[in-house]
1. Within segment 306-329, is even one residue within 28 Å of the chain's Cα centre (by Cα), closer than 30 Å to Gly119 by Cα and in contact (Cβ under 8 Å) with a residue 12 or more places away in the chain?
2. Could you tell me which numbered condition Asp368 fails, if it satisfies all but one of (1) out of contact with any Ser or Thr (no Cβ under 7 Å at 6 or more places or on another chain); (2) crowded, with 17+ Cβ neighbours inside 10 Å; (3) charged (D, E, K, R)?
3. If we keep just the residues of segment 294-323 that are over 13 Å from Pro99 (Cβ atoms) and among the β-branched types (Val, Ile, Thr), which is surrounded by the fewest Cβ atoms within 10 Å (Cβ to Cβ)?
4. Starting from residues that are among the small types (Gly, Ala, Ser) and over 18 Å from Phe306 (Cβ atoms), keep the ones in segment 73-102 and report whichever is surrounded by the most Cβ atoms within 10 Å (Cβ to Cβ).
5. Whether any residue in segment 115-125 is buried (at least 21 other Cβ atoms within 10 Å of the Cβ), touching a Lys or Arg at 6+ places or on another chain (Cβ under 9 Å), outside the structural domain of Val260 (by TED's automatic domain parsing) and within 17 Å of Thr357 (Cβ to Cβ) is what I want to check.
6. Do you know which residues across segment 170-195 are closer than 21 Å to Gly221 by Cα and among the charged types (D, E, K, R)?
7. Mind listing just one residue for me: the one in segment 317-354 that is assigned to a helix (DSSP H, G or I) and aliphatic (A, V, I, L, M) and, of those, nearest to Ile90 (Cα to Cα)?
Amino acid sequence: MTQKRLINILSVIIVFSMMLAACQPAAPAPTAAPATQAPAATAAPAATKAPAATVAPAAAALPAFDSACTPADEATVKPVDKKPAKPMKIAVLGLENNPFWIPVKEGTMKAAEELKPYGVTVDWINAGEQHTGDVFGPAIEAAMVQKYDAIATIAGDSGVAPFIDKAVAAGIPVATFNSETATKNGRAFFVGADLYKQGEAAGAAMAKAVGGKGKVAIITGLLAVEAHELRRNGFIDYLKKNNPEITVVGTSENQDKGDVAFTQANDFMNANPDLVGIYVTAGGPFGAAEAVDKAGKAGKVQVVSFDFVDETMGYVKKGVIYGTIGQDPFAQGHDPAVRLFNMLVGGVNPECGRMVTKSDVVTKDNIDQYWKAP
């Protein structure tokens, strides 16, 4: 009995000891030494960049294509007082198919004289016989081949526009003068008259001359030339709106030639014995005036025309041509070259896209203010 009791006591002690061991917190696992990381490789310093090349400040944006103004320095604009980095060449592509172009060329020659001290050559180039793209497109391409730095050109119809854009895309700025297409293109500016308004002014002059009624004829340069069409349509639209009793009996093309206008004026007078007026939109009006004068119809058949060439002004003075409307041809030849130079060398952009020249109306009453006989 005693031995059995002893065994029970020992069993209890063993169980109690096991319970105590289970209640002890587990010994922490040995802490592994953190792996020593190799120091991060020191990045090589970034390669030192060469300073960026200094970029010339961008030129100011060109004025809107259709924006218009008459600059105060028309025909008198001066070159900026700055020499280009290298000699420059400017081509002025014009015409010589009638006397109107004489003062235009004189304007270009004056610009050449003014720009010569700056190392700039300005060349007047007779492109051909007409204002159209088949003449002036190849002339622009030729100027590009000859490496002109800037080009001033007539742009009488839409066919010139792609050639202007081609030159501009090649980095050659282009200005237009005298006549320009309504087709948008990359030209920098235009120097010349507002031709539609000139047509309206001619309509008003004709209406006054003929007393607001009667038959009139139109002699235009070329129907394909947009400038001539603007003058023709301005005239017709004005009469339709303001003087519907004036009717246009016909239109002919004289290709800017005085001798052709002479023949056509005679044809109109013979076909219409009661004709009261002849409107000449472009070159050669003195031919029509000569026909009227020789037919003994001065004052009976009124002539309205454009430009201040001596032949025309002589007939104004004589009273055969009722009125002629100017467009400052000297400025048209002079200003494009100087303004192109000022753009390229001085960063001076024109005030507006269309630099509209003055359009004074000259009659026998005020001719002495504008012209003296040679």
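The values are calculated or read from the model by the stated rules, or taken from the named source; none is laboratory data. Please read all numbers here as calculations on a predicted model, not as lab measurements. With ideal geometry, Cβ positions are generated from the backbone for all residues, glycine too; neighbour counts draw on all protein chains shown.
1. We begin by selecting, within segment 306-329, every residue within 28 Å of the chain's Cα centre (by Cα); these are 306-309, 324-329.
Now narrow it down to the ones that are closer than 30 Å to Gly119 by Cα: 328-329.
Keeping just the survivors that are in contact (Cβ under 8 Å) with a residue 12 or more places away in the chain gives 328-329.
There is at least one residue in segment 306-329 that is within 28 Å of the chain's Cα centre (by Cα), closer than 30 Å to Gly119 by Cα and in contact (Cβ under 8 Å) with a residue 12 or more places away in the chain.
2. Among (1) out of contact with any Ser or Thr (no Cβ under 7 Å at 6 or more places or on another chain); (2) crowded, with 17+ Cβ neighbours inside 10 Å; (3) charged (D, E, K, R), Asp368 violates only (2).
3. Restricting to residues being over 13 Å from Pro99 (Cβ atoms) and among the β-branched types (Val, Ile, Thr), the top hit is Val320.
4. Across segment 73-102, the extreme among qualifying residues is Ala91.
5. no
6. Glu180, Asp194
7. Going through the qualifying residues, I end up with Ala337.
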